[in-house]
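See below for the structure under consideration.
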């Protein structure tokens, strides 16, 4: 704050707490000099929640003691620390091969957040809001977030998923959309080869690449029922 801003703040505090008023010109001058020395790096107000008047008003309401400049400075440091704790350093737009520009942009963003001229970038902002227009256009073009060429390369590593996608592409019902009444696999889970020993206990529970025939029939019946409805 500048000296005139400090004087305006002291006048505002004097209206709230007359104990801080200095009637002598010399004492008033010394008071302004003291406050300016301690609050020269504290802004009067920012666009993101900081206002010296609100901080001083809160002190007058909460404390029986007259406010001191260090009280305002401590509130400002708490405000800065809280904002930096919520900031997650978004990736700079500068060329990462240019360390000087990268570091300058990173520090500039941090200083702006600490000074209250920019809002903190939190983790929630990564997933909040609608998808980026470029992503929407890409999904509309390829129909999925995974291109068909990548799906073909992944097929040997997830055979159950590949068989399910192939069945749907061939116009057959999605067997995994219903639970299996044979092996009791839940909806969306692959069927399993359950083997039972002579003692009645399960000896195997390996997942199957293809669903049980009864599950396919049940999925076809369920699809027909939905279409009839």
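The values are calculated or read from the model by the stated rules, or taken from the named source; none is laboratory data. The structure displayed is predicted, hence computed values, not measured ones. Cβ coordinates were reconstructed from backbone atoms using ideal geometry, including for glycine residues, and neighbour counts include every protein chain displayed.
Points worth noting:
- Those residues of segment 8-30 which are part of a loop (DSSP other than H, G, I, E, B) and surrounded by 13 or more Cβ atoms within 10 Å (Cβ to Cβ), in sequence order: 17, 21, 22
- Every residue from segment 168-214 that is more than 23 Å from residue 157 (Cβ to Cβ), in contact with a strand residue (DSSP E or B) (Cβ under 8 Å, 6 or more places away or on another chain) and part of a loop (DSSP other than H, G, I, E, B): 197
- Within segment 83-126, the set of residues being modelled with pLDDT under 85, outside any loop (DSSP other than H, G, I, E, B) and farther than 20 Å from residue 47 by Cα comprises 124, 126.
- When the residues of segment 31-49 are filtered to those that are part of a helix (DSSP H, G or I) and touching a helix residue (DSSP H, G or I) at 6+ places or on another chain (Cβ under 7 Å), the one that is surrounded by the most Cβ atoms within 10 Å (Cβ to Cβ) is 35.
- Test: residue in segment 50-60 that is farther than 20 Å from residue 1 by Cα and part of a helix (DSSP H, G or I): yes
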